[in-house]
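The values are calculated or read from the model by the stated rules, or taken from the named source; none is laboratory data. All values reported here derive from a predicted model rather than from experimental measurement. Note that each Cβ is placed from the backbone with ideal geometry, even for glycine, and that neighbours are counted across all protein chains shown.
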Amino acid sequence: MERFSARVRVSGTRVVVDVPFHPGERWGFRDRYHVTGTVGGRPWRGALESDGRVYFLRLGPAWLRDNGVDAGAEVEVELAPEGPQVDTAGADVAAALRAEPEAMAFFEGLPSFYRRNYMRWIDEAKRPATRATRIAEMVRLLREGRRER
C-alpha cells in the first residue's frame with residue numbers, strides 16, 4: 001500500500017490526483033496499473049493514467065459529486081495494485097509467467113476480473129497434472145493476447 005498527500009487539480013477537462021512516484025518502480029513495470037484504495041478516505045478503484053510525464057488517477061464527475069471532493073482539495077491517498085499479482089500467485093504459476101515475459105506482461109495489464117478468473121480456474125484443479133495443464137494453457141492464451149479461455 002502506497003500512502004501520500006496530494007492536491008486535486010484540473011487538467012484540461014479532467015479532474016486528477018498526481019501520483020508522486022513511478023508505479024513501475026514500486027509494483028513492477030507493466031503496460032497498465034489497475035489499482036484500488038482511497039482518496040480522501042473514500043473508496044476509489046481504476047487504472048492509473050499517464051500524460052508521459054506523470055502518472056495520475058482520474059476522478060470522475062459522479063465520484064467527485066458523491067464524495068464531496070472539489071478541485072483544489074488536499075487529500076490523503078492510499079493505493080495498491082488490484083487483484084491477483086504474479087508475486088502472490090502460486091510458485092508454479094509465477095514461474096511459468098516469468099518464463100514467458102510476453103504472457104506475464106499481458107497478464108499484468110489485464111483488469112482484475114480476468115486475472116481472478118484465470119487464477120480461479122487453475123486453483124480449482126484437483127490433480128497436480130490438471131493444474132500443470134491449465135497453467136500451460138493459460139500461458140499460451142496470454143501469449144496470444146486472449147483475456148479469457
Next on the checklist: If I ask for residues that are among the hydrophobic types (A, V, I, L, M, F, W, C) and either crowded, with 16+ Cβ neighbours inside 10 Å or within 20 Å of Gly83 (Cβ to Cβ) (or both), which ones from the range 22-63 would you list?
Outcome noted: Trp27, Phe29, Val35, Val39, Trp44, Ala47, Leu48, Phe56, Leu57, Leu59, Trp63
Item to check | The lone exception for Arg9 - which of (1) in a helix (DSSP H, G or I); (2) charged (D, E, K, R); (3) surrounded by 14 or more Cβ atoms within 10 Å (Cβ to Cβ) it fails | outcome: (1)
Next on the checklist: Given the options Val86, Val93, name the one that is within 17 Å of the chain's Cα centre (by Cα) and of a type in the set (Val, Ile, Thr).
Outcome noted: Val86
Next on the checklist: Please verify whether Arg127 is among the charged types (D, E, K, R) and surrounded by 13 or more Cβ atoms within 10 Å (Cβ to Cβ), treating the condition exactly as stated.
Outcome noted: no
Checklist entry - Residues in the range 87-106: is at least one surrounded by 14 or more Cβ atoms within 10 Å (Cβ to Cβ), assigned by TED's automatic domain parsing to the domain that holds Asp123 and without any contact (Cβ under 8 Å) to a residue 24 or more places away in the chain? => result yes
Item to check | Lone unmet requirement of (1) modelled with pLDDT under 95; (2) of a type outside the set (Val, Ile, Thr); (3) under 30 Å from Gly145 (Cβ atoms) for Phe56 | outcome: (1)
Next on the checklist: Of all residues being crowded, with 16+ Cβ neighbours inside 10 Å and among the charged types (D, E, K, R) in the range 107-124, which is modelled with the lowest pLDDT? Just the residue, please.
Outcome noted: Glu108
Item to check | One residue from Gly52, Gly24, Gly37, Gly83 being in contact (Cβ under 8 Å) with a residue 24 or more places away in the chain, among the small types (Gly, Ala, Ser) and either part of a loop (DSSP other than H, G, I, E, B) or at negative phi (or both) | outcome: Gly83
Checklist entry - Which condition number does Glu108 fail, the rest of (1) within 21 Å of Ala47 (Cβ to Cβ); (2) outside any helix (DSSP H, G or I) being met? => result (2)
